[in-house]
Amino acid sequence: MQLIDGKATAAAIKAEIAEEVKEILAAGGKQPHLAAVLVGHDGGSETYVKNKVIACEQCGFKSTLIRYEDDVTEEELLLCVDRLNKDSDVDGFIVQLPLPKHIDEQKIIMAIDYRKDVDGFHPINVGRMAIGLPCFISATPLGIITLLKHYGIETSGKKCVVLGRSNIVGKPMAQLMMQKNFGDATVTVCHSHSKDLKKECFEADIIIAAIGRPNFVTADMVKDGAVIVDVGTTRVPDATRKSGFRLNGDVKFDEVAQKCSFITPVPGGVGPMTICSLMKNTLAAGKKEYYK
Ligand code: NAP
């Protein structure tokens with residue numbers, strides 16, 4: 001079994017991005033600028049946004065963090081999105097999800113200028129990705145594809161099972177894995193209504209688990225030599241940690257690791273690659289790579 005080291009892979013890619021930014025600046029170009037909007041004080045969101053700001057520094061980007069309290073109105077948030085859309089210094093921005101219940105997430109996503117939508121959540125980017133046109137691709141699936149490529153893992157013609165069908169992970173992941181001249185895999189998507197998940201998983205060459213159910217994928221669901229990508233990051237109580245919790249993946253790591261050919265750890269697998277992909281998207285936004 002080989003451990004897929006997302007932390008090291010992401011560090012190497014961020015170093016490449018930093019080099020490119022240096023070249024851009026040396027040639028008199030503009031420093032890429034990512035803005036992040038954070039609503040409330042959810043522990044997970046605070047951590048993600050903090051890590052995004054750190055990654056911007058590592059890549060040589062300018063970053064701006066805009067904070068609102070939980071009671072921000074939808075109207076105020078839409079005005080903020082409008083300001084960021086119009087700010088010519090901001091190349092790309094994200095509104096950290098989830099948002100409080102009184103705010104319609106889709107409405108906020110739809111209001112973001114798709115040319116600055118570095119999370120790749122706007123329907124224009126989602127649609128372009130589905131038909132294989134250049135666009136901002138959702139960071140987690142893009143990070144997973146980058147990891148698989150980095151480790152030379154063949155996907156063409158393989159049977160891939162994606163567990164989960166969310167708009168930000170499961171669906172785009174399945175699209176990319178089936179995409180012609182991209183994943184080229186035969187893809188099965190499983191969700192809470194799927195029957196006989198064990199059988200589906202057991203037949204898979206590649207399992208990508210994104211359901212948020214700790215230790216869901218057990219050794220008896222995995223065939224020998226399969227490739228396992230664990231997207232799950234559920235906080236579970238852990239009295240031995242200062243924070244009082246640890247992150248747990250969707251895969252029962254110890255027993256599954258014995259059977260598979262490659263596996264991503266949690267943490268240190270998909271998570272760092274997600275942030276790294278956001279940096280890639282921001283660089284592309286700065287270079288106006290997909291949209292003028
Ligand atoms: P989500 O929106 O909650 O979607 C979960 C999906 O899993 C849904 O499609 C759901 O099915 C399915 N599901 C839930 N329980 C199931 C079960 N027992 N059997 C089969 N399918 C089941 O979650 P998400 O945003 O995609 O995130 C999934 C996990 O990845 C979470 O742990 C999240 O924290 C993590 N995540 C990690 C990163 C990272 O960078 N590492 C990034 C994003 C997300 P239905 O559609 O039928 O409800």
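Since every read-out is calculated from the coordinates, none of them should be taken as a lab result. Keep in mind the model is a prediction, meaning the values are calculated, not measured. Ideal geometry is used to build each Cβ from the backbone, glycine not excepted, and the neighbour counts take in all protein chains shown.
Simple spin-label model, 7 Å along Cα-to-Cβ: Q258 to K195 in nm?
3.2
Full extension from D87 to D238: what is 0.36 nm times the residue separation minus their Cα-Cα distance, to one decimal in nm? Spell out each step's value before the answer.
Values: separation 151, 0.36 × 151 = 54.36 nm, distance 4.34 nm.
Result for the pair: 50.0 nm of gain on full extension.
Using only Cα atoms, tell me the angle between helix 139-150 and the longest principal axis of the chain; keep it within 0 to 90° and round to the nearest 10.
Here the helix axis deviates by roughly 60 degrees.
For the pair F202/L97, report the inter-label distance in nm, with labels modelled 7 Å from Cα in the Cβ direction.
It works out to 3.4 nm between the two label points.
Could you calculate the contour length gain from I54 to L25, that is, 0.36 nm times the residue separation minus the distance between their Cα atoms, to one decimal place in nm? Show your work: numbers first, answer last.
On the way: separation 29, 0.36 × 29 = 10.44 nm, distance 1.97 nm.
Gain in length upon complete extension: 8.5 nm.
What is the dipole size for the chain, taken about its Cα centre, with +1 at each Lys and Arg Cβ and -1 at each Asp and Glu Cβ, in debye to the nearest 20? All intermediate terms of the calculation are to be shown ahead of the outcome.
Numbers: 36 positive and 37 negative charges, 89 e Å.
That gives a dipole near 420 debye.
Hey, what D do you get for the stretch 128-280 in µm²/s if you plug the Kirkwood alpha-carbon radius into Stokes-Einstein at 4 °C and 1.567 mPa s? Before the final figure, lay out each step's value.
Numbers: Rh = 15.6 Å.
Once the numbers are plugged in, D ends up at 83 µm²/s.
Where a ≥ b ≥ c are the square roots of the eigenvalues of the C-alpha gyration tensor, would you call the stretch 27-114 rounded, which needs a/c under 1.5, or, failing that, prolate if a/b is larger than b/c, or oblate?
Values: a/c = 2.61, a/b = 1.40, b/c = 1.86.
Oblate, since a/c reaches 1.5 and b/c is not below a/b.
Suppose each label sits 7 Å from its Cα in the direction of the beta carbon; what would the Q2-A130 distance come out to in nanometres?
Taking the simple label geometry, Q2 and A130 are separated by 3.5 nm.
Cα centroids of the stretch 138-170 and the stretch 31-78: how far apart, whole angstrom?
Going from one Cα centre to the other spans 26 Å.
Report, by chain and number, residues whose modeled amide H sits under 5 Å from the one on V217, excluding near sequence neighbours (fewer than 5 apart, same chain).
Close amide H contacts, sequence-distant or interchain: V251, K252.
Given the DSSP H assignment, sum -39500 (n - 2.57) over each helix run of at least 4 residues in the chain and divide by its residue total; what's the result at 222 nm in deg cm²/dmol, nearest 500? Working shown, then result.
Values: 10 runs with 115 residues, N = 292.
That calculation yields -12000 deg cm²/dmol at 222 nm.
Rounded if a/c is under 1.5, else prolate if a/b beats b/c, else oblate: with a ≥ b ≥ c from the C-alpha gyration tensor eigenvalues square-rooted, which is the chain? The partial results should precede the final answer.
Numbers: a/c = 1.63, a/b = 1.45, b/c = 1.13.
Because a/c hits 1.5 or more and a/b exceeds b/c, the chain counts as prolate.
Taking 0.36 nm per residue of separation and subtracting the Cα-Cα distance, what length does fully extending E75 through D104 add?
9.4 nm
Using modelled backbone amide H atoms (1.01 Å from N, in-plane), which distant-in-sequence or interchain residues come within less than 5 Å of T64's amide H?
Result for T64 returns L34, A35, A36.
Karplus couplings for the stretch 215-229 from phi (6.51 cos²θ - 1.76 cosθ + 1.60, θ = phi - 60°), rounded to Hz, Gly and Pro as x?
These are the phi-based 3J(HN,Hα) values: 6, 5, 8, 10, 4, 6, 9, 10, 7, 4, x, 5, 9, 10, 10 Hz.
Got a sec? Charge dipole of the chain, +1 on Cβ for Lys and Arg, -1 for Asp and Glu; which of A15, V81, L247 is way out at the positive end?
About the Cα centre, the residue reaching furthest to the positive side is A15.
Pick from R241, R83, R115: which is most flexible by mean-square fluctuation in a GNM of the chain where alpha carbon atoms under 10 Å apart are linked?
Comparing R241, R83, R115 in the GNM, the peak value goes to R241.
Can you give the relative contact order of the chain as a percent, counting alpha carbon pairs under 8 Å and 6+ residues apart?
Worked out over the chain, it gives 22 percent.
Provide the net charge surrounding Y48, with neighbours chosen by a C-beta distance below 15 Å and charges set as Lys +1, Arg +1, Asp -1, Glu -1.
So the surrounding residues net to +1.
Residue by residue, what Karplus-based ³J(HN,Hα) values in Hz, rounded to whole numbers, does the stretch 256-273 have, using 6.51, -1.76 and 1.60 with θ = phi - 60° and x for Gly and Pro?
Whole-Hz 3J(HN,Hα) from phi for the stretch 256-273: 6, 4, 5, 9, 8, 8, 9, 8, 9, x, 10, x, x, x, 6, x, x, 6.
Relative contact order (percent) for the stretch 27-114, with alpha-carbon contacts under 8 angstrom and 6 or more residues of separation?
Details: 107 pairs, mean separation 34.9, N = 88.
Dividing the mean separation by the residue count of the stretch 27-114 yields 40 percent.
Does anyone have the angle between helix 74-86 and the longest principal axis of the chain? Alpha-carbon axes, 0 to 90°, nearest 10?
Roughly 70 degrees, rounded to the nearest 10.
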